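Beneath this line is the structure, given in structure tokens, with notes to follow.
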Amino acid sequence: MLPDARGKYVRTKRSRPTTRAALAVCLALVIGGAGLTSASAASRNNAAPVYVQEQSNWCWAATSKSTVQFYRGVSATQCQMVKWGKASSSCDDVTGYFGADVSRTLLKAGLSGIGTTTGPMTFAAVRGEIDSGRVVMIRWGWSAGGGHMLVLRGYDTTGSKLSYINPLQSAYQSASHSWMQQYGTHTWTDSRYEILR
């Protein structure tokens, strides 16, 4: 206690060195840690479900089902996807066209926007779609003829990797963007993006 101007003793505020030191350490960590955060890898995965194709030619039906379930929560069967896509009443084991059949399927399932189709996409373009809360449907062409459809549902900037659904597999897969574009017997030929709920 120290006397004030009138000679009365008053309690003074003492600095608390431990509190100030702790505050200084926290501030240094926040400022210094900001640089570490920006240098770390970025990744994101959207929750599109995996469906294994039920027939040998139904990759398009399985990927359509994954896409419709992701956007609309509609749990129609793969058989229903085939009926919608082919405008048919039967569920034959038929191939589906990336353009017309998949477009028809997505419209019948109630999606307001069936997306835009293009060739292969850059990693940055796929990342933009995923960051916008969307998935991308793609088609691989086989070197021996024919094709296969997949769904891109995530990315990891470490190694420019894409997380995807291959309807021949029962779990999510991951591969580099360059591998997705072309490797061995497949070449990425088509993409469907900007699909809207």
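The values are calculated or read from the model by the stated rules, or taken from the named source; none is laboratory data. These figures come from a predicted structure and were not determined experimentally. In this analysis, Cβ positions are derived from the backbone assuming ideal geometry, glycine residues included, and neighbour counts consider all displayed protein chains.
Observations, loosely collected:
- Restricting attention to segment 143-167, the residues that are in a strand (DSSP E or B) and either exposed (fewer than 13 other Cβ atoms within 10 Å of the Cβ) or β-branched (Val, Ile, Thr) (or both) add up to 2.
- Qualifying positions in segment 60-94 - surrounded by fewer than 24 Cβ atoms within 10 Å (Cβ to Cβ), touching a strand residue (DSSP E or B) at 6+ places or on another chain (Cβ under 9 Å) and not aromatic (Phe, Trp, Tyr): Ser66
- Meets criteria (of a type in the set (A, V, I, L, M, F, W, C), in contact with an Asp or Glu (Cβ under 9 Å, 6 or more places away or on another chain), modelled with pLDDT of 95 or more and in the same structural domain as Cys79 (by TED's automatic domain parsing)) for Leu168: no
- The set of residues in segment 123-156 that are of a type in the set (S, T, N, Q) and touching a helix residue (DSSP H, G or I) at 6+ places or on another chain (Cβ under 8 Å) is empty.
- Segment 1-98 holds helices (runs of 4 or more DSSP H) entirely within its bounds, and those carrying 1 or more residues that are under 30 Å from the mean Cα position of the chain (by Cα) and modelled with pLDDT of 95 or more map to 59-72, 78-86.
- Test: Thr77 is touching a Leu at 6+ places or on another chain (Cβ under 7 Å), of a type in the set (Val, Ile, Thr) and under 21 Å from Leu168 (Cβ atoms): no
- Verdict on Gly115 being at pLDDT below 95, within 17 Å of the chain's Cα centre (by Cα) and part of a strand (DSSP E or B): yes
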